[in-house]
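The values are calculated or read from the model by the stated rules, or taken from the named source; none is laboratory data. Please read these numbers as outputs of a predicted model, since none were measured by experiment. We place every Cβ from the backbone using ideal geometry, glycine too, and count neighbours over all the protein chains shown.
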Amino acid sequence: MAFFLLVFFSLYGGLHYYAFVKIRAAFFPGMGASLLLVLFLAFMTAAPLLIRIAEKQGYERSAQILACTGYTWMGGLFLFCSLSALLDLYRLVVSAGEHMLRRDFAGLQVPDRPAFLFPLFLSLLLSLYAHFEAGAIRMERVVLFSPKIPRETGRITIAQISDVHLGLIVREKRLRRILAVVKRANPDILVSTGDLVDGQIARLNGLTDLLQEIRPPQGKFAIVGNHEYYAGIDQALAFTRGAGFTLLKGEAATGTINIAGVDDPAAKAFGLFNDVSEKALLSALPREKFTLLLKHRPLVDRSAAGLFDLQLSGHTHRGQIFPFSLLTGAYYAVKGTVQAGYAELPGSSRLYVSRGSGTWGPPFRLLAPPEVTLIELVHGNAGNPLP
């Protein structure tokens, strides 16, 4: 955790320093204005830590105001720096061309002030769009055929929510929107694939009641993600159970289908990891039944290939804000998996990774809209998913 904080604040502080350099180049502020700017940027850099401190100390209203301000700033700053870096790359190419060709390309250069104002204006527009995209929850439908679904049952529907991040920003209004999509789907089973909560949820009254309204006939199942541990695992587990979910921590339940769930690796840092191998867990389940594996991170245990039919994951948010999705996509490609959507795995296993239903940090989503996933399991020969 300490290493994560060190890396996070180093990178986040670097973005603020870059913004400071761009502002100074554009406006040449004096010593007094520069000092005030440094103090403001230092405060915004520390805002995520101050939010957690205020929340844990019970200053909920102050923490909520600071979260809305600080995380909105974070999203806007990321977009500004991304656009500004792209423009700086263009300016660098022009300068390199001047040097290599020994020609004057002054007409192609962008002066410092427009080079600041253009990314600023565009980042504001994109932030506004990203705010609305974050609230536009989509239903993604995946149809899978399997002979393991009983002929007499015909079809089993599973609704997946993931990465809701209930806390200071994602609250009752957003949860109602998510659950409205779930209710329209009228699933047989509801699963939550981690990061349901991300804050002092004990002070958010009424949210368990909203979740309790969803009562699918074949049950509700959940696993915990990394943020439940960061928020406080005991209160997160109590909230999840109070919402009517059966928690699976290295455990499985068997009904019409098998449903297994494993712990997130974040549990290791807290000494709470249920260190059961996926292979051992899945091998003990009835092989004639369809096996659903719930795993927060979309990483695949190759030793368990063929022992599950479908793995449902989340965690990535598909990057949440473009172009960060380029980095997360590259990371999971190296890991041999995907950051969002459907993938075929060895041994006739399959994987679906949700983009997530809520937001972490900035209340923005850009080219990564939130989703509730409806998986329809249909009796028949195994094949590719249908739209």
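Kindly indicate which of LEU86, LEU37 is under 21 Å from PRO362 (Cβ atoms), part of a helix (DSSP H, G or I) and not assigned by TED's automatic domain parsing to the domain that holds ASP198.
Just one listed residue meets the conditions, LEU86.
Could you please let me know if PHE145 is touching a residue at least 60 places away in the same chain (Cβ under 8 Å), surrounded by 13 or more Cβ atoms within 10 Å (Cβ to Cβ) and over 30 Å from PRO217 (Cβ atoms)?
no
Could you check region 322-387 for strands (runs of 3 or more DSSP E) lying wholly inside it with 1 or more residues that are surrounded by fewer than 19 Cβ atoms within 10 Å (Cβ to Cβ)?
Of the strands (runs of 3 or more DSSP E) lying wholly inside region 322-387, those with at least 1 residues that are surrounded by fewer than 19 Cβ atoms within 10 Å (Cβ to Cβ) span 341-344, 371-379.
Where the second residue is surrounded by fewer than 23 Cβ atoms within 10 Å (Cβ to Cβ) and among the basic types (Lys, Arg) and the first is within 11 Å of VAL353 (Cα to Cα) and lies in region 304-320, which pairs have Cβ atoms under 7 Å and are six or more apart or on separate chains?
LEU310/ARG350; SER313/ARG297; HIS315/ARG297
Looking only at region 56-99, count every residue that is under 17 Å from TYR17 (Cβ atoms), of a type in the set (Ser, Thr, Tyr) and either surrounded by fewer than 17 Cβ atoms within 10 Å (Cβ to Cβ) or in contact with a Lys or Arg (Cβ under 7 Å, 6 or more places away or on another chain) (or both) and tell me the total.
1
Kindly evaluate GLU152 against the criterion of being among the acidic types (Asp, Glu) and in the same structural domain as LYS183 (by TED's automatic domain parsing).
The answer is yes for GLU152.
Does region 24-68 hold any residues that are of a type in the set (S, T, N, Q) and farther than 21 Å from TYR230 by Cα, and which are they? Steps first, answer last, please.
Keep residues of region 24-68 that are of a type in the set (S, T, N, Q), which gives 34, 45, 57, 62, 64.
Correct list: SER34 only.
For ARG61, all conditions in the list (1) among the charged types (D, E, K, R); (2) touching a residue at least 60 places away in the same chain (Cβ under 8 Å); (3) closer than 25 Å to THR359 by Cα hold save one; what is the number of the exception?
Going through (1) among the charged types (D, E, K, R); (2) touching a residue at least 60 places away in the same chain (Cβ under 8 Å); (3) closer than 25 Å to THR359 by Cα one by one, ARG61 breaks only (2).
How many residues are free of Cβ contacts under 8 Å to residues at least 40 places away in the same chain and farther than 16 Å from ALA46 by Cα if we restrict to region 4-32?
Of the residues in region 4-32, 7 are free of Cβ contacts under 8 Å to residues at least 40 places away in the same chain and farther than 16 Å from ALA46 by Cα.
Tell me yes or no: at least one residue of region 280-296 is part of a loop (DSSP other than H, G, I, E, B) and under 30 Å from GLU172 (Cβ atoms).
yes
Would you check which residues across region 357-374 are of a type outside the set (Phe, Trp, Tyr) and closer than 10 Å to ALA134 by Cβ and list them? Can you show your working first?
Initially, region 357-374 is screened for residues of a type outside the set (Phe, Trp, Tyr), giving 357-359, 361-363, 365-374.
Selection gives GLY358, THR359, PRO362, PRO363, ARG365, LEU366, ALA368, PRO369, PRO370.
Could you please let me know if ALA260 is crowded, with 16+ Cβ neighbours inside 10 Å and either over 26 Å from VAL181 (Cβ atoms) or modelled with pLDDT under 95 (or both)?
no
I'd like the full set of residues that are in contact with a helix residue (DSSP H, G or I) (Cβ under 7 Å, 6 or more places away or on another chain) and free of Cβ contacts under 8 Å to residues at least 60 places away in the same chain, limited to region 39-48.
Scanning region 39-48 gives LEU41, MET44, THR45, ALA47.
Kindly indicate whether ARG318 is crowded, with 24+ Cβ neighbours inside 10 Å and of a type in the set (Lys, Arg).
Yes.
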